[in-house]
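K.L.:
The following block contains the structure, expressed as structure tokens.
The values are calculated or read from the model by the stated rules, or taken from the named source; none is laboratory data. Since the model is a prediction, treat every value here as computed from it, not as a measurement. With ideal geometry, Cβ positions are generated from the backbone for all residues, glycine too; neighbour counts draw on all protein chains shown.
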Amino acid sequence: MGDAEIIPIGTRGRPGRGAGTQPSSAARSLAPGARRKPRAAEPEPVEPKAAAAETPDDAAPEAAAPEPAAPLLGAVGSPVAGPAAPEPAERPAVRTHDRGPYAHIPAAELLAALQGAARELFGEEWEIQLARFLAFLRRRLTGEYAVDEYGFDAEMTQQLFMTALRPIAQRWFRIDVRGVENIPTTGGALVVSNHSGTVPIDGLMTMVSIHDHTGRFLRPLGADLVFRMPVVSALARKGGATLACAEDAERMLSGGELVGVWPEGFKGIGKPYSQRYKLQRFGRGGFVSAALRTGVPIVPLSVVGAEEIYPLVGNIPSLARLLGVPYIPITPTFPLLGPLGLVPLPSKWLMEFGEPIRTDEYDAGAADDPMLVFNVTDQVRETIQQTLYSLLMQRESVFR
């Protein structure tokens, strides 16, 4: 290693090259204006003359002109002098509206496609429905709508809430409604129903079913928890619900409203799946007292199918107390499947309205008689329970 020859970089092995005052030839070629000797022109190929006997149809095609050679690169990447490259052809200008995805689709075809989609979605009367929807939005924005003293917005309930709930009732749960003729067409009445389902969807389905079959709005009596929730409280008020107290119930019934009550409360919707269709205690009979004071009929309602939408198999009481709710349900799909577990199972529903129980035949002070109130409450509860057993025997299976 000590006898190795040291070769300076860039000298090509000859000591002293590049160390003088004159630049090398490679360096001189980089200077501006440096000229190199032109390459000798290659002789042009001689084209053979066509035979005189050939006709224009039989004549051989002319030889294609040779393409200009690509510029040669020098030692450091500079092009070597040669034939000039042809200039690129000028591209046509592109207009702004030609760049869009629908630039080549005529406006008439776009309009026809939109009309066809609207007809498929809203039916043949899509123009009328669209006009109604736009008028509804205009009234919402301008404030030209009315609510009653409880905050009930009839227009929003019919146009928005019922429209959203109707497909669920008709296509998902396929509700079979019976005994609608037992609901009075006018005047006040109290609809008393069993409560089930872990989540109180049965109340919403009862509202849309009564409205579609009778044209009347059911005014539900809600628990305190419903009106303590920020968003749910406002929607419940606009949908016709009010607090489940005797004063509001009596005032609604006296005003000719159709009022709905679920006396089981959270004990009904939060009971285990093993106790399905077994009615819980109906409270102290406050709904019966309200019906006796106003003299309106009591219509018992039995609902089969809601017990299977969220089968309750467990509960987390410590977390429920922390959140201030009656229970935290555990079902076969929730919380195991996360948000997907909130989708209710598509069980088959049966609703049957029983014969009205008249209260106008009792004396004026009947509402203050606790024994009479208890007897009427037990009569309503027993009617609903026996009807539930009858509907369960008629139902072929849970999902059909």
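K.L.:
Are there any pairs, at least 6 apart or on different chains, whose C-beta atoms fall under 7 Å, with the first in the stretch 225-238 and surrounded by 16 or more Cβ atoms within 10 Å (Cβ to Cβ) and the second assigned to a helix (DSSP H, G or I) and of a type in the set (Gly, Ala, Ser), and if so, which?
P.N.:
If the second residue must be assigned to a helix (DSSP H, G or I) and of a type in the set (Gly, Ala, Ser), the pairs left are VAL226/SER233; VAL226/ALA236; PHE227/SER233; PHE227/ALA236.
K.L.:
Test GLY268 against the criterion of being in contact with a Lys or Arg (Cβ under 9 Å, 6 or more places away or on another chain), touching a residue at least 60 places away in the same chain (Cβ under 8 Å), outside any loop (DSSP other than H, G, I, E, B) and not aliphatic (A, V, I, L, M), and give yes or no.
P.N.:
Judged against the criteria, GLY268 is not a match.
K.L.:
Looking only at residues in the stretch 238-297 that are over 15 Å from ARG381 (Cα atoms) and acidic (Asp, Glu), which one is nearest to the chain's Cα centre (by Cα)?
P.N.:
Filtering first and then ranking leaves GLU257.
K.L.:
Yes or no: the stretch 276-285 includes at least one residue that is surrounded by 22 or more Cβ atoms within 10 Å (Cβ to Cβ) and either under 30 Å from ASN375 (Cβ atoms) or in contact (Cβ under 8 Å) with a residue 12 or more places away in the chain (or both).
P.N.:
Within the stretch 276-285 (the criterion being surrounded by 22 or more Cβ atoms within 10 Å (Cβ to Cβ) and either under 30 Å from ASN375 (Cβ atoms) or in contact (Cβ under 8 Å) with a residue 12 or more places away in the chain (or both)), the answer is yes, since at least one residue qualifies.
Okay, residues lined up against (1) surrounded by fewer than 16 Cβ atoms within 10 Å (Cβ to Cβ); (2) among the small types (Gly, Ala, Ser); (3) on the phi > 0 side of the Ramachandran plot:
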| position | (1), (2), (3) |
| --- | --- |
| ALA118 | yes, yes, no |
| ARG139 | yes, no, no |
| ALA154 | yes, yes, no |
| PHE173 | no, no, no |
| GLU181 | yes, no, no |
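K.L.:
Moving on to the next point. Give just the number: which of (1) farther than 24 Å from ALA290 by Cα; (2) among the polar types (S, T, N, Q); (3) without any contact (Cβ under 8 Å) to a residue 40 or more places away in the chain does GLN394 not satisfy?
P.N.:
(3)
K.L.:
Would you check which residues across the stretch 306-328 are of a type in the set (A, V, I, L, M) and closer than 13 Å to PRO272 by Cβ and list them?
P.N.:
Result: LEU312, VAL313.
K.L.:
Something else now. Please go through the stretch 358-385 and pick out each residue that is farther than 22 Å from TYR277 by Cα and either assigned to a helix (DSSP H, G or I) or of a type in the set (A, V, I, L, M) (or both).
P.N.:
ALA364, ALA366, ALA367, ASP368, PRO370, MET371, LEU372, VAL373
K.L.:
Also, I was wondering about something else. If a residue has to be more than 22 Å from GLU382 (Cβ to Cβ), touching a strand residue (DSSP E or B) at 6+ places or on another chain (Cβ under 9 Å) and of a type in the set (S, T, N, Q) to count, how many in the stretch 163-202 make the cut?
P.N.:
Going through the stretch 163-202 one residue at a time, the tally reaches 1.
K.L.:
If you check SER302, SER289, which single one turns out to be part of a strand (DSSP E or B) and buried (at least 22 other Cβ atoms within 10 Å of the Cβ)?
P.N.:
Just one listed residue meets the conditions, SER302.
K.L.:
Filter the helices (runs of 4 or more DSSP H) completely within the stretch 124-228 down to those with at least 1 residues that are of a type in the set (A, V, I, L, M, F, W, C), over 23 Å from the mean Cα position of the chain (by Cα) and closer than 28 Å to THR294 by Cβ.
P.N.:
Of the helices (runs of 4 or more DSSP H) lying wholly inside the stretch 124-228, those with at least 1 residues that are of a type in the set (A, V, I, L, M, F, W, C), over 23 Å from the mean Cα position of the chain (by Cα) and closer than 28 Å to THR294 by Cβ span 201-214.
K.L.:
Let me ask something else about it. Can you work out which of the residues in the stretch 349-370 that are at pLDDT below 95 and of a type in the set (A, V, I, L, M) is surrounded by the most Cβ atoms within 10 Å (Cβ to Cβ)?
P.N.:
By that ranking, first place goes to ALA367.
K.L.:
Here is a follow-up. Applying the selection to the stretch 348-367, what residues are out of contact with any helix residue (DSSP H, G or I) (no Cβ under 7 Å at 6 or more places or on another chain) and farther than 27 Å from MET205 by Cα?
P.N.:
Residues satisfying the conditions are ASP360, GLU361, ASP363, ALA364, GLY365.
K.L.:
I'd like the full set of residues that are over 13 Å from TYR150 (Cα atoms) and assigned to a loop (DSSP other than H, G, I, E, B), limited to the stretch 229-242.
P.N.:
Within the stretch 229-242, MET229 is the sole residue that qualifies.
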